[in-house]
Amino acid sequence: MAKKNRISDRLSDSPMPNHIAIIMDGNGRWAQRRLLPRTMGHRAGMSSLKKVVRTCDELKVAYLTVFAFSTENWKRPETEVDYLMNLLVEFLHRELEELHHNDVQIHVLGDYGAIPQKCQIEISRALEMTRNNTGLIFNIALNYGARREIVESVKSITTRILRGELSPDDIDEQVLAQSLYTAGMPDPDLLIRTAGEMRISNFMLWQVAYAEIVVSDVLWPDFGPEELRRAIQEYQGRDRRFGGLRL
Ligand code: IPE
Ligand code: IPE
Ligand code: MG
């Protein structure tokens with residue numbers, strides 16, 4: 001409780017981001033700098049994730065989306081991919097009780113039919129257990145690729161047209177947005193990328209159209225509540241115009 005007040009007290013009265021999206025990057029570099037295997041970086045990154053979810057919950061952020069595994073990350077060695085999948089199972093197994101207790105609602109964005117079955121079972125359990133929760137919406141982007149998401153969306157719209165449920169003239173931004181994995185959710189206001197890389201890496205290409213981007217040089221395993229607060233402060237100092245003029 002005391003911690004909660006400390007963090008929020010130092011944030012200004014400007015609006016908080018309603019939806020924060022994070023590209024959690026730099027686990028490998030964190031490990032390499034310590035002469036550790038990359039997998040140890042992923043393990044350390046799990047602790048950051050735990051802290052960041054907790055802080056978002058305390059700050060009453062409505063939506064948090066984290067990029068956990070991309071459709072391109074299958075290119076990595078099998079041992080690293082396996083480790084990442086097992087780590088996710090472990091994270092859900094360890095944290096589910098507390099997340100559920102804190103009223104967090106978990107979602108998975110991405111094609112999780114293609115991930116190992118053990119992982120799917122754990123995810124289904126988490127989704128099922130938290131589906132009626134009303135607190136923080138916590139999206140885990142897993143086997144997620146924005147281009148694939150858009151392709152899937154186009155396929156589902158086409159199917160509706162072929163069934164006669166929709167006419168091509170009905171397609172607008174709303175229809176497309178509602179057929180993405182994030183249907184019914186607001187777009188991210190703040191996109192954070194850790195480890196200094198200035199790229200989007202196929203993350204939420206549609207949804208980040210007007211997100212404020214904050215790139216932190218801090219590697220993900222070193223990213224914690226203080227860095228999150230700093231990113232939110234930077235967001236609060238931005239002038240969001242959405243193509244209009246400053247008021
Ligand atoms: C982010 O850290 C985790 C995933 C992409 C799964 P990286 O593993 O990409 O770390 P770096 O970029 O090699 O340092
Ligand atoms: C983006 O990080 C994917 C995740 C954080 C899960 P990468 O490390 O895969 O991105 P690139 O390869 O540097 O673009
Ligand atoms: Mg990386």
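Bear in mind that the values in this text are calculations on the coordinates, not laboratory data. Note that the structure is predicted; figures quoted are calculated from it, not measured. Neighbour counts are summed over all protein chains in view; Cβ atoms, including those assigned to glycine, are modelled from backbone coordinates with ideal geometry.
Please list the radius of gyration and Dmax for the chain, considering alpha-carbon atoms only, with Å as the unit.
When restricted to Cα atoms, the chain yields Rg and Dmax of 18.5, 59 Å.
Which order do peptides 54-62, 71-79 fall in by mean Cβ count within 10 Å, highest first?
Averaged packing, sorted descending, gives the order 54-62, 71-79.
When averaged across all projection directions, what area in nm² does the alpha-carbon convex hull of the stretch 1-108 cover?
The directionally averaged projection comes out at 8.2 nm².
With charges set only on the Cβ (+1 for Lys and Arg, -1 for Asp and Glu), what does the dipole of the stretch 54-129 come to about its Cα centre, in debye to the nearest 20?
120 debye
Which residue, T130, S70, Q32, has the largest displacement toward the positive end of the dipole of the chain when charges sit on each Cβ (Lys, Arg +1; Asp, Glu -1)?
Q32
Suppose the Debye formula is applied to equal point scatterers at every Cα of the stretch 176-229; what is log10 I(q)/I(0) at q = 0.22, 0.26, 0.27, 0.28 Å⁻¹?
-0.88, -1.04, -1.08, -1.11
For a quick check, take a GNM of the chain with Cα springs below 10 Å and name the residue from G113, G145, G224 with the largest mean-square fluctuation.
Checking each option, the largest mean-square fluctuation is seen for G113.
Could you give the dipole magnitude of the stretch 181-247 about its Cα centre, charging the beta-carbon of Lys and Arg +1 and that of Asp and Glu -1, in debye to the nearest 20?
Taking the Cα centre of the stretch 181-247 as origin, the dipole is about 280 debye.
Nearest 20 debye, what's the magnitude of the dipole of the chain about its Cα centre given +1 on Lys and Arg Cβ and -1 on Asp and Glu Cβ?
Computed about the Cα centre, the dipole is about 660 debye.
Which residue, L88, T159, V175, has the largest displacement toward the positive end of the dipole of the chain when charges sit on each Cβ (Lys, Arg +1; Asp, Glu -1)?
L88
Rounded to the nearest 500 deg cm²/dmol, what is the calculated helix-only ellipticity per residue at 222 nm for the chain, with -39500 (n - 2.57) per DSSP H run of length n ≥ 4?
-14000 deg cm²/dmol
Taking 8 Å as the Cα distance limit and 6 or more residues as the minimum spacing, I'd like the relative contact order of the stretch 3-154 as a percentage.
Dividing the mean separation by the residue count of the stretch 3-154 yields 27 percent.
Please give the length that would be gained between R76 and S124 if that part of the chain were fully extended, namely 0.36 nm times their separation in residues minus their C-alpha to C-alpha distance (nm, one decimal).
Computed gain between R76 and S124 is 14.7 nm.
Taking springs between alpha-carbon atoms closer than 10 angstrom, which of D187, D82, D13 fluctuates most in the Gaussian network model of the chain?
It is D13.
For the stretch 95-148, what log10 I(q)/I(0) values come out of the Debye formula at q = 0.16, 0.25, 0.27 1/Å, with one point per alpha carbon and no solvent?
-0.47, -0.96, -1.05
I want to verify the translational diffusion coefficient of the stretch 46-171 in µm²/s; compute it with Stokes-Einstein, Rh as the Kirkwood radius over Cα pairs, at 4 °C and 1.567 mPa s.
My calculation gives 81 µm²/s for D.
For the stretch 135-247, state what percent of all Cα-Cα pairs lands in each successive 10 Å bin, counting from 0 Å until the bin that includes the largest distance.
Once binned at 10 Å, the Cα pair distances of the stretch 135-247 give 11, 34, 32, 16, 6, 0.
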